[in-house]
Amino acid sequence: MLRKRIIFTLIHSQGFFMQSRNFRLQKVGNLNWLEKNYQFQKIAFSLDELIVLDATKTQKSITEFAAIISNLVTHVFIPIAAGGGIRSFEDAELLFNSGADKIVLNSVLVEDVHLVKRLIQNYGSQSIVASIDYKYNQGVCDVYIHDGNTKIDLSLEEYIQYVESLHIGEIYLNSIDRDGTGFGYDFDTIQRIEKNLKVPLIIAGGAGNENHLLEGLSSIDVSAVATANLFNFIGDGLPKAREKILESGENLANWNLLY
């Protein structure tokens, strides 16, 4: 059985890391702030992976974002998935060459299927993460691209089937309604779609404490839980969360025993 994972998501925009709530961004600090408060060398054993997303609302600069990834990998010794603004094969190649182990695709899944297939053919499905952002409007679950600004015409279930048909490696499912609230994951939606999934599922949006992470990992069909809550996990929040989850018997890697 594959081990489950705890993932930390970093939201980046215009040189700063952000706290996001319902996709509204609040500036927190730059890379120096991040290194000072998180000391990734020390908390690496609390995480299985990092996801770094460029959420710049205006024109994204893939070269500037790639420089951030390059700086991060000098301090982080766990896999990094990076995305946001990938519009060409060269954009993806730059992120891989800057140290990313995987790339995260969102809008391009709809806008350039040829590119998606080319990336999968070149790098393999295991290197491609499909990011799906959704929220409820009058009881209907809608999917959004372009940093949550553009609604597409497929339902969430239909869109997941479409994304799976592209042969991506895993899905990063993010609730815009729950994003940054700390109220817990949207399990009503997760439980509705997870049993029909054919690829690993990462859930995001709403985690505010260790109990939310544990509840997410306890779901049989969830492969990983992600949190982007910077403030709740400063200090020893992540190490304590992983320790509690390991004590519960959940199938996480125990780095303290392996090293």
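Highlighted here are the strands (runs of 3 or more DSSP E) found entirely within region 16-87 that include at least 1 residues which are of a type in the set (Gly, Ala, Ser) and more than 15 Å from Thr227 (Cβ to Cβ): 24-29, 80-83.
Just one of the numbered conditions (1) closer than 30 Å to Trp33 by Cα; (2) touching a helix residue (DSSP H, G or I) at 6+ places or on another chain (Cβ under 6 Å); (3) of a type in the set (A, V, I, L, M); (4) modelled with pLDDT of 95 or more is not true of Ile245: (4). Do the conditions hold for Ala55, that is, is it out of contact with any Phe, Trp or Tyr (no Cβ under 7 Å at 6 or more places or on another chain), crowded, with 16+ Cβ neighbours inside 10 Å and either closer than 20 Å to Ile202 by Cβ or of a type outside the set (Phe, Trp, Tyr) (or both)? Here the answer is yes, as Ala55 does meet what is asked.
Taking the numbered list (1) within 25 Å of Ala228 (Cβ to Cβ); (2) surrounded by fewer than 20 Cβ atoms within 10 Å (Cβ to Cβ) in turn, Gln138 passes all entries but (1). Look at (1) surrounded by fewer than 21 Cβ atoms within 10 Å (Cβ to Cβ); (2) farther than 16 Å from Ile7 by Cβ and you find that Glu250 fails only one, number (2). Give me the pairs: first residue in region 198-219 and farther than 18 Å from Ile51 by Cα and small (Gly, Ala, Ser), second residue assigned to a loop (DSSP other than H, G, I, E, B) and at pLDDT 95 or above, beta-carbon distance under 9 Å, and six or more apart or on different chains, which are they? Close Cβ pairs (under 9 Å, with a partner that is assigned to a loop (DSSP other than H, G, I, E, B) and at pLDDT 95 or above) amount to Ser219/Tyr185. The set of residues from region 145-188 being among the hydroxyl-bearing types (Ser, Thr, Tyr), crowded, with 20+ Cβ neighbours inside 10 Å and more than 25 Å from Asn122 (Cβ to Cβ) comprises Ser175, Tyr185.
Scan the helices (runs of 4 or more DSSP H) fully inside region 99-193 and keep the ones with 1 or more residues being of a type outside the set (Ser, Thr, Tyr), in contact (Cβ under 8 Å) with a residue 40 or more places away in the chain and touching a strand residue (DSSP E or B) at 6+ places or on another chain (Cβ under 7 Å). Can you show your working first?
Values: elements: 108-111, 113-123, 156-165, 187-193.
Output list reads 108-111, 113-123, 156-165.
The values are calculated or read from the model by the stated rules, or taken from the named source; none is laboratory data. Keep in mind it's a predicted model, so treat the numbers as computed, not measured. Using ideal geometry, Cβ is built from the backbone for each residue, glycine included, and neighbour counts are taken over all protein chains shown.
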